[in-house]
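Data first, discussion second: the structure below is written as structure tokens.
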Amino acid sequence: MFKQHPVGYLLLLKILSDKKIYSYKSLSAELSCTTIALSKYISELTLQGIEISQVHGTAICWPRPFIWINEISINSYLYNISHHFNLIKFNLLDSTNSYLLRNKSFYLKQKRIPVIVTEWQTNGRGTRNRNWLSNLGGSLTFSFLWCFTPHVRNIHTLSLILGVGLVRVFRKLKLPNIYLKWPNDIIFNKRKFGGILTECSTNGHHSITAVIGVGINFKLASNLVGSLDYPVADLFDITGQQVDRNRILALLLTELRNILSTFEKKGFGFFRDEWVSYHAYHGQTVILKFWDGSIFEGVVDGVLNNGSLVLSTASGQKVFSMGEISMKAKD
């Protein structure tokens, strides 16, 4: 997506965000490009689901611009807890998690929780080194840094805990069909709606630092959806309207801060029943596929306090640890 001149695309959309009509000539001058290059920008943006309208063949406008990520707006939704976060917004990043990992030592010196959010993530990462694909204006991608004490229990259940927080937020927004898929996917009607990436390390004081990345689909481009080998959903598809990413980010940060504080004190066991109630596959027959090609079939029978999945199989109960398998419902 936009392999050349990415700043030009962003600048063009910033100009067009006021919904006014602009001539090709004036836009070309402002962007310091030819009208041919401008036409290529517009064609590429259209392919990415951004609808630029032609006006009499010599001018264009953007009648339904997406809502840009805005630090002031986010902080206004955070109300009286905005001082707990150090919000840093970028127009363009390779990956919010990668950025935080590269700059972790700098942000660890700060007292506030660093939150990195970007309009456009060009090389997003998911679990097991998979790519996390998103399109400009159609996704919410952010990462934040959280430091745990050495006494935190079952840190490998972190993605499960975060999933509980995400589902809570969307359930409060009257989206009852948002569920979890073990261990770290957020789904709507069995289609992937969001994901979580956690990368933990131990620092010199033996405390644990977690870089936590979250991706939520807001309005995916049709060509992006067609390139994926799994079904996906987005908020526009679910609600039929454009949803403000700034408000959703503030709601997520508020809930995740609360849930992580509780997790540190009480562990995953405190949330286990709630997690099971959100699990889309609980009580269903599933097929678990391992990287070596082996598979197990069984009925999902909950999770343990260490986050392992329990299956009832033909040969009895089996326990599977996190991070080794993928899961899909049996056909």
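A few remarks follow.
- Looking across 78, 10, 47, one residue alone is of a type outside the set (S, T, N, Q), under 26 Å from the mean Cα position of the chain (by Cα) and at pLDDT 95 or above. It is 78.
- All of 183, 176 fail the test of being buried (at least 22 other Cβ atoms within 10 Å of the Cβ) and either modelled with pLDDT under 95 or polar (S, T, N, Q) (or both), apart from 183.
- Looking across the range 190-206 at every residue that is touching a helix residue (DSSP H, G or I) at 6+ places or on another chain (Cβ under 9 Å) and farther than 19 Å from residue 114 by Cα, the one that is most open to solvent (accessible area, probe 1.4 Å) is identified as 191.
- For the range 184-206, filtered to residues that are assigned to a loop (DSSP other than H, G, I, E, B), over 23 Å from residue 251 (Cβ atoms) and touching a residue at least 24 places away in the same chain (Cβ under 8 Å), the residue that is nearest to the chain's Cα centre (by Cα) is 190.
- Selection of the range 30-55 for residues being aliphatic (A, V, I, L, M) and open to solvent by less than 80 Å² (accessible area, probe 1.4 Å) yields 31, 37, 38, 42, 45, 50, 52, 55.
- If you filter the range 232-247 down to residues that are outside any loop (DSSP other than H, G, I, E, B) and β-branched (Val, Ile, Thr), you find that the one that is farthest from residue 189 (Cα to Cα) is 239.
- Residues being in contact with a Pro (Cβ under 7 Å, 6 or more places away or on another chain) and either open to solvent by less than 40 Å² (accessible area, probe 1.4 Å) or not small (Gly, Ala, Ser) (or both) are represented in the range 105-116 by at least one member.
- Filtered residues of the range 231-283 (kept if touching a strand residue (DSSP E or B) at 6+ places or on another chain (Cβ under 6 Å) and free of Cβ contacts under 8 Å to residues at least 40 places away in the same chain): 276, 282
- Residue match in the range 129-136 (condition: over 15 Å from the mean Cα position of the chain (by Cα), modelled with pLDDT under 90 and either more than 29 Å from residue 280 (Cβ to Cβ) or not basic (Lys, Arg) (or both)): yes
- Residue within the range 29-51 that is among the β-branched types (Val, Ile, Thr) and touching a strand residue (DSSP E or B) at 6+ places or on another chain (Cβ under 6 Å) present: no
- None of 100, 87, 93, 27 is buried (at least 17 other Cβ atoms within 10 Å of the Cβ), more than 22 Å from residue 140 (Cα to Cα), modelled with pLDDT of 90 or more and not acidic (Asp, Glu) except 27.
- Taking the criterion of being open to solvent by less than 30 Å² (accessible area, probe 1.4 Å), part of a loop (DSSP other than H, G, I, E, B) and not hydroxyl-bearing (Ser, Thr, Tyr), the residues of the range 207-231 that qualify are 218, 220, 221.
The values are calculated or read from the model by the stated rules, or taken from the named source; none is laboratory data. Just so it is clear, the structure is predicted and the values come from calculations on it, not from any experiment. Using ideal geometry, Cβ is built from the backbone for each residue, glycine included, and neighbour counts are taken over all protein chains shown. Heads up: the accessible areas ignore ligands, DNA and RNA and are worked out on the full protein's heavy atoms, side chains in. Shrake-Rupley method; radii C 1.70, N 1.55, O 1.52, S 1.80 Å.
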